[in-house]
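What follows is a single structure, written as structure tokens, with notes after it.
The values are calculated or read from the model by the stated rules, or taken from the named source; none is laboratory data. Bear in mind that the values here come from a model prediction, so they are computed numbers and not experimental data. In this analysis, Cβ positions are derived from the backbone assuming ideal geometry, glycine residues included, and neighbour counts consider all displayed protein chains.
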Amino acid sequence: MTDDTNKTTHFGFETVPEADKAGRVQGVFNSVASKYDVMNDVMSMGIHRIWKDAMMDWLAPRAGQKLLDVAGGTGDIAFRFLKRAGSGHATVLDLTEPMLIEGRKRAEAEQMHASLDWVVGDAMALPFADNTFDVYTISFGIRNVTRPQEALNEAFRVLRPGGRLMVLEFSQLPNAAMQKAYDLYSFNVIPQMGKMIANDRDSYQYLVESIRNFPDQDTFLGMVRAAGFENAKYRNLTMGVAALHSGWKI
């Protein structure tokens with residue numbers, strides 16, 4: 001039997017025991033929950049909204065579909081999905097309850113309350129039966145999971161045959177000079193914004209570092225395929241600042 005007690009992982013640029021990461025991530029999002037949506041707008045200059053719309057364009061939600069949005073926090077993806085679909089159901093799952101509470105406060109949540117569930121849970125151990133959902137999404141969340149491959153395996157398990165996976169995540173720019181310029185912005189500006197707007201520099205320092213630790217587009221595509229997904233592809237957004245990965249459970 002393998003001893004997992006000594007396994008380590010990254011928390012930003014820090015090496016920590018695997019058993020500690022989820023609690024550390026939970027602490028980050030507990031801290032930033034009330035300012036999370038505002039910070040997303042400021043950090044990306046509103047571009048995250050364009051990326052999420054691009055996600056919906058490729059996903060093309062259909063009426064009556066059941067969505068599981070993991071690390072769904074404040075409900076951004078779930079609301080977009082339900083509006084595009086016209087009818088259906090969305091389950092928003094997040095490790096951090098304060099993020100879900102912020103989501104339930106949004107005006108869209110009241111308008112769509114009959115079509116929404118909010119669940120505290122772990123991406124690596126989803127509290128749902130096999131073959132339950134038509135669509136699984138995770139947006140800017142999988143890099144915070146202790147073992148992303150296990151999250152992808154769980155996504156495959158809970159999707160019905162014919163179900164669709166879509167992952168939106170920060171990624172890597174293909175040009176070294178552009179990546180260097182982006183790094184200068186990320187490491188020097190974003191943590192300072194976090195300090196000014198959310199009174200929390202350290203959490204945004206972690207979030208920037210976590211982006212640099214996440215696999216590049218092709219490596220992550222291999223992980224999607226390893227989970228069992230077929231017809232797996234990705235599309236770069238804003239030259240690779242973010243990327244969409246898609247796969248099907250056939």
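Taking first residues from the stretch 223-250 that are closer than 12 Å to TYR136 by Cβ and partners that are among the acidic types (Asp, Glu), the Cβ contacts under 8 Å between residues at least 6 apart in sequence or on separate chains come to HIS245/GLU169; GLY247/GLU230; TRP248/GLU230; LYS249/GLU230.
Can you work out which of the residues in the stretch 60-72 that are in contact with a Gly (Cβ under 7 Å, 6 or more places away or on another chain) and without any contact (Cβ under 8 Å) to a residue 60 or more places away in the chain is nearest to ALA114 (Cα to Cα)? Among residues in the stretch 60-72 that are in contact with a Gly (Cβ under 7 Å, 6 or more places away or on another chain) and without any contact (Cβ under 8 Å) to a residue 60 or more places away in the chain, the one nearest to ALA114 (Cα to Cα) is GLY64. Being in a strand (DSSP E or B), surrounded by 15 or more Cβ atoms within 10 Å (Cβ to Cβ) and within 18 Å of the chain's Cα centre (by Cα): is that true of TYR204 here? Spelling it out, it is not the case that TYR204 is in a strand (DSSP E or B), surrounded by 15 or more Cβ atoms within 10 Å (Cβ to Cβ) and within 18 Å of the chain's Cα centre (by Cα).
Can you tell me which residues in the stretch 79-102 are over 26 Å from MET124 (Cα atoms) and crowded, with 20+ Cβ neighbours inside 10 Å?
Going through the stretch 79-102, the residues over 26 Å from MET124 (Cα atoms) turn out to be 83-87.
Passing the criteria: only ALA85.
What number of residues within the stretch 1-46 satisfy the criterion of being over 30 Å from LEU237 (Cα atoms) and either of a type in the set (Ser, Thr, Tyr) or modelled with pLDDT under 80 (or both)? So the count comes out to 8. For the subset of the stretch 103-128 comprising residues that are within 14 Å of ALA78 (Cβ to Cβ) and of a type in the set (Asp, Glu), which member is surrounded by the most Cβ atoms within 10 Å (Cβ to Cβ)? The qualifying residue surrounded by the most Cβ atoms within 10 Å (Cβ to Cβ) is GLU108. The residues of the stretch 105-162 that are modelled with pLDDT under 95 and either on the phi > 0 side of the Ramachandran plot or of a type in the set (Lys, Arg) (or both), listed by number, are LYS105, ARG106, PHE140, ARG143.
Looking across the stretch 38-78, the residues that are of a type outside the set (D, E, K, R), surrounded by fewer than 24 Cβ atoms within 10 Å (Cβ to Cβ) and under 17 Å from VAL135 (Cα atoms) come down to ALA54, MET55, MET56, TRP58, LEU59, ALA60, PRO61, ALA63, GLY64, GLN65. Take the conditions free of Cβ contacts under 8 Å to residues at least 12 places away in the same chain, closer than 16 Å to THR137 by Cα and within 16 Å of the chain's Cα centre (by Cα) and apply them to ARG80. Does it pass? Taking the combined requirement at face value, the residue does not satisfy it. May I ask you to list the residues in the stretch 151-191 that are without any contact (Cβ under 8 Å) to a residue 24 or more places away in the chain and not hydroxyl-bearing (Ser, Thr, Tyr)? Result: ALA176, ALA177, GLN179, LYS180, ALA181, LEU184, PHE187, ASN188, VAL189, PRO191.
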